[in-house]
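Read the structure below first, then the notes.
The values are calculated or read from the model by the stated rules, or taken from the named source; none is laboratory data. In this text, all values refer to a predicted model and were calculated from it rather than measured experimentally. Heads up, the Cβs are rebuilt from the backbone with ideal geometry, glycines too, and the neighbour counts pull from every protein chain shown. Surface accessibility is based on the protein's heavy atoms, side chains included, excluding ligands, DNA and RNA. Shrake-Rupley method; radii C 1.70, N 1.55, O 1.52, S 1.80 Å.
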Amino acid sequence: MRHALHCTTLALALSMTLVACQARQGEGDAAPAKAATAAPKALPTQTVASQNGQVTVTTLAGGLEHPWSVALLPDGGFLVTERPGRLRHVSADGAVSAPITGVPTVWAEGQGGLLDVVLAPDFATSKRLFLSYSEPGPDGSAGTAVATATLGDGALTDVKVFYRQEPKLVGPNHFGSRIVFDGKGHVFISQGERNDRPTSQKLDMLQGKLVRLNLDGSVPADNPFVGRKDARPEIWSYGHRNMQSLALDPRTGKVWEAEHGPKGGDEINIPEPGKNYGWPIITHGINYSGLKIPEAIGTSAPGMEQPYHVWEVSPGLSGMAFLTGQPGSKWNDSLFLGALADGSLIRLSLNGDTITGEERLLKDVGARIRDVRVSADGKVYVLTDETDGKLLRLDPPK
């Protein structure tokens with residue numbers, strides 16, 4: 001009887017970990033590394049409602065401190081970044097490793113820290129991965145950076161800085177940053193304007209820009225500002241605020257990005273080379289104080305692109321993934337976005353590039369959704385951005 005009572009109590013405790021406490025977006029001070037935790041013998045699951053039927057939600061791992069990004073490994077495991085500066089391996093059965101050594105030094109203050117992790121296109125043979133992070137600079141400054149490294153057994157080797165946002169600025173906010181490969185030998189890196197609004201419009205600065213590089217770190221000859229003395233050649237598009245969502249549509253090869261507005265005006269764009277997406281000159285948002293953005297002239301201006309999709313009330317977007325090529329799935333041709341402020345996983349229904357509907361999942365979980373990824377078999381993986389963050393798997397409705 002005592003054993004049965006203990007098992008029942010343990011199962012209840014595991015299921016209760018799905019209910020996370022509210023966290024402020026600005027949290028992220030570095031903390032001491034935590035020891036490895038053992039995988040649960042039985043992974044807790046629950047069902048949640050959706051427009052298409054019941055969704056099974058499985059907690060694969062917990063105890064992650066403000067996890068920021070998850071990469072799906074070929075063996076069924078995962079790599080997860082924690083914003084304070086740790087990279088962990090999570091096995092397919094949920095065991096969380098001790099911190100992987102060799103991670104670059106990060107500036108873990110405010111919204112800064114260890115951010116995105118993605119596998120290189122040739123990861124199966126090279127074991128190479130890309131990490132984005134806030135890199136410390138002189139006099140308390142910091143900037144978004146990307147490093148490459150080789151993944152070994154519990155350690156990164158051959159760590160090299162691949163990209164640096166220049167110049168570095170002082171302040172704890174708006175680093176971005178996501179990394180996406182276009183399948184044509186290029187990598188796109190999103191970043192924020194470091195909460196220094198005018199930088200988004202300055203072509204000699206890299207803040208508030210989507211950049212495009214070759215896989216060896218060089219600048220593609222056909223980037224839109226190559227050859228201009230007044231512009232950085234890395235820039236693909238500009239006039240962005242804080243891009244924490246970036247994904248490649250596998251149906252078309254187009255890169256989509258989403259970014260935080262201020263108070264209102266979160267938006268999706270499909271960035272085109274050399275185009276200006278308007279921040280802070282045009283916006284659907286206002287300052288958090290309730291006052292107008294000082295530089296804003298309205299929601300449109302000549303020479304500036306309109307958002308592809310806009311939310312007048314900010315969900316707080318972070319993470320983006322397409323689910324396509326699954327004709328038997330009720331979620332086929334969907335775009336998923338994590339929502340921090342709204343505490344939900346947003347699913348947008350697509351007909352080609354056209355957004356035809358929206359639903360918000362996981363509201364009952366009560367957690368900020370930081371990242372979302374989709375596996376080749378159509379399952380959806382999300383990270384909750386909490387002190388006790390979780391890695392969840394969603395099995396689509398049948």
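Please give the per residue volume of the convex hull enclosing the alpha carbon atoms of region 311-398, rounded to a whole number of Å³. Don't skip to the end; give the middle numbers.
Numbers: hull volume 8.1 nm³, N = 88.
That works out to 92 Å³ per residue.
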5 Å is the cut-off here: which amide hydrogens, built 1.01 Å from N in the peptide plane, fall below it relative to Gly192, excluding neighbours closer than 5 in sequence? Phe175, Gly176, Gly208, Met243
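Any of Lys168/Lys390; Lys330/Lys363; Lys254/Lys363; Lys184/Lys209 with alpha carbons more than 24 Å apart? Name them for me. Spell out each step's value before the answer.
Values: Lys168/Lys390 32 Å; Lys330/Lys363 20 Å; Lys254/Lys363 30 Å; Lys184/Lys209 20 Å.
Lys168/Lys390; Lys254/Lys363, as the Cα separations exceed 24 Å there.
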Using a probe radius of 1.4 Å on heavy atoms only, what accessible surface per residue do you get for region 129-265? Whole Å² is fine. 35 Å²
GNM on the chain, C-alpha springs below 10 Å: top fluctuator among Asn332, Asn242, Asn351? Asn351
For region 120-174, projected area of the alpha-carbon convex hull averaged over all directions, nm²: 4.7 nm²
Cα gyration tensor category, rounded, prolate or oblate, for the chain with a/c compared to 1.5: prolate
Hey, which aspartates and glutamates would be in cross-link range of Lys379, C-alpha to C-alpha under 18 Å, not counting anything within fewer than 8 residues on its own chain? Asp75, Asp93, Asp249, Asp333, Glu359, Asp371, Asp395
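At 4 °C and a viscosity of 1.567 mPa s, what translational diffusion coefficient does Stokes-Einstein give for region 249-295, taking Rh as the Kirkwood radius over Cα pairs? Give it in µm²/s as a whole number. Provide the component values of the computation, followed by the final result.
Working: Rh = 12.1 Å.
Estimated via Stokes-Einstein, D reaches 107 µm²/s.
Please report, in cubic angstrom per residue, the volume enclosed by the convex hull of the alpha-carbon atoms of region 76-144. Mind dumping the intermediate values first?
On the way: hull volume 6.8 nm³, N = 69.
Considering the Cα atoms of region 76-144, their hull volume per residue is 99 Å³.
Over the chain, what percent of the accessible surface lies on carbon and sulfur atoms, probe 1.4 Å?
Details: 8770 of 16040 Å².
Ligands and nucleic acids excluded, carbon and sulfur reach 55 percent.
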Once phi for every residue in region 292-299 is put through the Karplus expression 6.51 cos²θ - 1.76 cosθ + 1.60 (θ = phi - 60°), the whole-Hz ³J(HN,Hα) values, with Gly and Pro written as x, are 5, 5, x, 7, 6, 10, x, 9
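Local charge sum around Val55 (other residues, Cβ-Cβ under 15 Å, Lys/Arg +1, Asp/Glu -1)?
Numbers: positive: Lys330, Arg347, Arg360, Lys363, Lys379, Arg393, Lys398; negative: Glu359, Asp364, Asp395.
That sum, taken over residues with Cβ under 15 Å, equals +4.
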Provide the gained length on full extension for the span Tyr308 to Gln51, in nm with one decimal, where the gain is 0.36 nm per separating residue minus the Cα-Cα distance. 90.1 nm
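What FRET efficiency, computed as 1/(1 + (r/R0)^6) with R0 = 25 Å and r the Cβ-Cβ distance, is obtained for Thr125 and Thr105, rounded to the nearest 0.05? Spell out each step's value before the answer.
On the way: r = 29 Å, r/R0 = 1.14.
Given R0 = 25 Å and the Cβ-Cβ separation, E is 0.30.
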Between region 351-394 and region 136-168, what is the C-alpha centre distance in whole Å? 28 Å
Need one number: nm distance between label points at Asp75 and Ser300, each 7 Å from Cα along Cα→Cβ, rounded to one decimal. 5.5 nm
For the chain, set up a GNM with springs between Cα atoms under 10 Å and report which of Ser245, Ser132, Ser314 has the largest fluctuation. Ser314
Rounded to one decimal in nm, the spacing of the 7 Å Cα→Cβ label points at Leu203 and Asp216 is 2.7 nm
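Run the numbers on the chain and let me know its relative contact order in percent, using alpha-carbon pairs under 8 Å that are six or more apart.
Details: 1106 pairs, mean separation 59.0, N = 398.
RCO, the chain: 15 percent.
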Once phi is turned into ³J(HN,Hα) by the Karplus curve 6.51 cos²θ - 1.76 cosθ + 1.60 with θ = phi - 60°, what whole-Hz value does each residue of region 230-247 show in order, with x for glycine and proline? 9, 9, 6, x, 5, 5, 9, 8, 8, x, 9, 9, 9, 8, 10, 9, 7, 7
Would you compute the Debye intensity of region 175-241 from its alpha-carbon atoms alone, equal scatterers and no solvent, and pass along log10 I(q)/I(0) at q = 0.15, 0.18, 0.24 Å⁻¹ to two decimals? -0.43, -0.61, -1.01
Can you list the HN-Hα couplings for region 336-348, worked out from phi with the Karplus curve (6.51, -1.76, 1.60; θ = phi - 60°), rounded to whole Hz and with x for Gly and Pro? 9, 9, x, 10, 7, 5, 7, x, 8, 9, 8, 10, 9
